[in-house]
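FYI, it's all coordinate maths here, none of it is from the lab. The model shown is predicted, which means the values in this text are computed figures rather than measured ones. Glycine gets a Cβ as well: all are built from the backbone with ideal geometry, and neighbour counts include every protein chain shown.
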Amino acid sequence: MVKRYYCDFCDNSYPYSTEAFRKHRTGHHHIKLRNSHYDKFKNARDRLKDELTKEKCRRFLSGQDCSFGEGCIFSHLTPPGTQALQQQALEEEEQERWTRLPAALREGREVSVEAWLTQRRVPLTSDTLPGPPLHTLPPLNTPLPPTLASAPNLPPSLAPTTLESWLGVEFAQWG
Ligand SMILES: [Zn+2]
Ligand SMILES: [Zn+2]
């Protein structure tokens, strides 16, 4: 069975041999179709540059039909066509600049650290704190029963906690 080579650009297949492959790849028809495929992905600025480096197709630009059509090696770009392509290139570049801007600028929002902080600031209420709501937490000090309140030298476990009592704690060394 003869292997066949399928060319995507030409949408056609050929009996495969190194020689046939080389010949096909360098053939005029293949190159034309390959270029027109890649031209579809070019932006307006590049297409304009390509067109301006070509010589003008006298036949087409004098109002006659050019049988080569889009595959003509000469430029078919008319002066209005050039203007349209220039306009398109400008629009594409403007669009590109726009998409590179930070989202806030594109949406017309204020861009400043202060604006960002205001937006980020979460009001500090018991609803936004992790854990049980504040009102369900036990009070820091359970009031002493009246009989103990006046007793001198309460053992530390019964004495009301104060900030000073915490700061003065001496930690025992173990082990
Ligand atoms: Zn081909
Ligand atoms: Zn032409």
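Assuming charge only on the beta carbon of Lys and Arg (+1) and of Asp and Glu (-1), the dipole of the stretch 43-119 about its Cα centre is about 320 debye to the nearest 20. Partner lysines whose Cα lies under 22 Å from the Cα of residue 23, excluding those fewer than 8 positions away in the same chain, are identified as 3, 32. Shown for the chain is the translational diffusion coefficient from the Stokes-Einstein equation, using the Kirkwood radius over Cα pairs, a temperature of 20 °C and a viscosity of 1.002 mPa s: 81 µm²/s.
For the stretch 42-90, GluC sites (Glu not before Pro) meeting the loop criterion (DSSP other than H, G, I, E, B) and having at most 13 other Cβ atoms within 10 Å: 55. In nm, to one decimal, how far is the modelled label at residue 99 from the one at residue 5, with both set 7 Å along Cα→Cβ? Result for the modelled spin labels: 3.6 nm. Dipole size of the chain about its Cα centre, with +1 on Lys/Arg Cβ and -1 on Asp/Glu Cβ: approximately 1340 debye, rounded to the nearest 20.
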